[in-house]
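What follows is one structure encoded as structure tokens, with my remarks underneath.
Every read-out reported here was derived from the displayed coordinates using simple, explicitly stated rules and does not represent laboratory data. As the structure is a computational prediction, the values presented were derived from the model and not from experiment. Cβ: placed from backbone, ideal geometry, glycine included. Neighbour counts: every protein chain shown.
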Amino acid sequence: MLQQLEELKISALQELESINTAKELESWRVRYLGKKSNLTKVLRSLATLPLEERKAIGASANEVRVDLEDSLRQKEQALREAELALSAQEERIDITLPGRSFPQGRLHPITQTLHEICDIFVSMGFEVVEGPEVEWDYYNFEALNIYQEHPARDTMSTSWVDFETDSGQRPMLLRTHTTSISARIIETRRPPIRVVVPGKVYRYEASDATHTPMFYQIDGLAVDEGITMANLRGTLYEFARRFFGEDRKVRFRCDYFPFVEPGAEMAIECLSCGGKGCRLCGNSGWIEILGAGMTHPQVLQRGGIDPKVYTSFAFGMGIDRLPMLRYGINDIRLFYGSDLRFLRQF
Ligand code: DAH
């Protein structure tokens with residue numbers, strides 16, 4: 001009997017060791033300590049035994065019971081701790097894990113180009129100024145010597161705003177050039193003036209590979225005593241050198257704009273063929289990038305600046321063509337199509 005008790009204890013403890021779940025532990029408890037277990041049977045049968053045996057076996061059986069109960073409690077505790085450790089591990093935050101990256105936008109290629117151009121002029125002492133896109137006929141045309149019947153009006157297919165005065169005139173429009181803001185500046189500021197005016201302009205035109213009804217320009221204006229054509233050329237040559245590179249040839253020729261006298265245009269050597277002549281430059285080897293000139297005395301006068309004391313140069317440049325030339329983009333509509341496959345390249 002004593003021998004049996006010893007074996008029971010050994011096998012119970014051995015079995016207990018390999019237990020990993022609460023369910024297994026419960027079935028172990030039923031088997032070794034439950035009402036129908038061998039141990040309980042032994043304890044119950046004690047009463048039928050002779051006194052001597054009862055003492056010895058009773059003591060031993062009780063010892064085994066206490067042993068098994070202790071081991072059961074320890075195992076219970078161990079299982080609970082293991083479970084806690086596991087759930088803690090699952091919940092743990094790894095602070096060394098790199099964060100999730102959010103998709104990041106970037107500046108539109110036209111905006112990047114504008115910033116680059118503004119930076120160059122700012123470094124030469126110009127201030128960046130912006131103004132309204134919905135404009136009065138006066139600033140867009142009249143103040144710039146483009147009168148009611150002036151043929152130059154025809155070159156700027158205008159989007160008029162549907163607003164009539166009592167006398168039946170429609171004096172409001174979407175500005176056709178940023179020069180309208182230069183006209184405002186001449187009226188509101190006093191020399192010395194050095195500003196560049198970037199922004200959107202609108203023309204009533206159908207879209208094709210080289211035209212959109214909205215595009216970007218930047219105008220420049222300098223008013224001071226003693227400003228000459230040499231200042232204009234120096235400023236624009238320096239700009240071209242910085243923007244297009246040292247070696248890019250620049251050409252300056254006469255041109256006509258109603259608000260400057262004399263007027264000029266500036267062209268750069270074609271970026272595509274290097275001046276030999278190709279389709280992009282219409283076989284001329286040159287690409288016109290801006291109009292310029294000495295501000296017409298009448299324009300200054302109208303704005304309240306005395307042209308006998310002050311002189312002024314002005315220029316106006318289209319922006320969209322510059323990144324087109326630089327990156328070899330052959331369709332201006334790509335800029336305004338919101339196709340991320342295109343925009344992500346810049
Ligand atoms: N505003 C003219 C245009 O859109 C460009 C221009 C030419 C602007 C000469 C100027 C200038 O300021 O002096 O065609």
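What number of residues within segment 293-331 are of a type outside the set (Phe, Trp, Tyr), within 16 Å of the ligand (Cβ to nearest atom) and not in a loop (DSSP other than H, G, I, E, B)?
As a first pass, look at segment 293-331 and keep what is of a type outside the set (Phe, Trp, Tyr): 293-309, 311-312, 314, 316-326, 328-331.
Checking the rest, the ones that are also within 16 Å of the ligand (Cβ to nearest atom) come to 293-300, 302-303, 305, 307, 311-312, 314, 316-322.
Filter again for not in a loop (DSSP other than H, G, I, E, B), leaving 293-295, 297-300, 302, 311-312, 314, 316-318, 321-322.
Number satisfying all stated conditions: 16.
When segment 73-123 is examined, which residues are found to be closer than 30 Å to Pro323 by Cβ and loosely packed, with under 10 Cβ neighbours inside 10 Å? Steps first, please.
Just the residues of segment 73-123 that are closer than 30 Å to Pro323 by Cβ, to begin with: 101-123.
Ser101, Phe102, Pro103, Gln104, Gly105, listed by residue number.
Sort out which residues of segment 279-329 are within 25 Å of Pro192 (Cα to Cα) and of a type in the set (S, T, N, Q), and write them in order of number.
So in segment 279-329, the residues within 25 Å of Pro192 (Cα to Cα) come out as 290-317.
Selection gives Thr295, Gln298, Gln301, Thr311, Ser312.
Where residues in segment 27-58 are charged (D, E, K, R) and surrounded by 14 or more Cβ atoms within 10 Å (Cβ to Cβ), which of them is nearest to Glu81 (Cα to Cα)? Even if it seems obvious, please write down each step before you answer.
We begin by selecting, within segment 27-58, every residue charged (D, E, K, R); these are 29, 31, 35-36, 41, 44, 52-55.
Checking which are surrounded by 14 or more Cβ atoms within 10 Å (Cβ to Cβ) leaves us with 29, 31, 54.
Working: Arg29: 19, Arg31: 24, Arg54: 40 Å.
Ranking the candidates gives Arg29 first.
Every residue in segment 208-236 that is within 20 Å of Ala292 (Cβ to Cβ), within 36 Å of the chain's Cα centre (by Cα) and among the charged types (D, E, K, R), please.
Result: Asp219, single match.
Please go through segment 216-267 and give me each residue that is free of Cβ contacts under 8 Å to residues at least 40 places away in the same chain, away from the ligand (no atom under 11 Å from the Cβ) and in a strand (DSSP E or B), ordered by number.
Across segment 216-267, the qualifying residues are Val250, Arg251, Phe252, Arg253, Cys254, Ala267.
Tell me, which strands (runs of 3 or more DSSP E) lie completely within segment 131-207 with 2 or more residues that are farther than 19 Å from Leu290 by Cβ and away from the ligand (no atom under 12 Å from the Cβ)?
Numbers: elements: 134-136, 172-174, 193-202.
By residue number, 134-136, 172-174.
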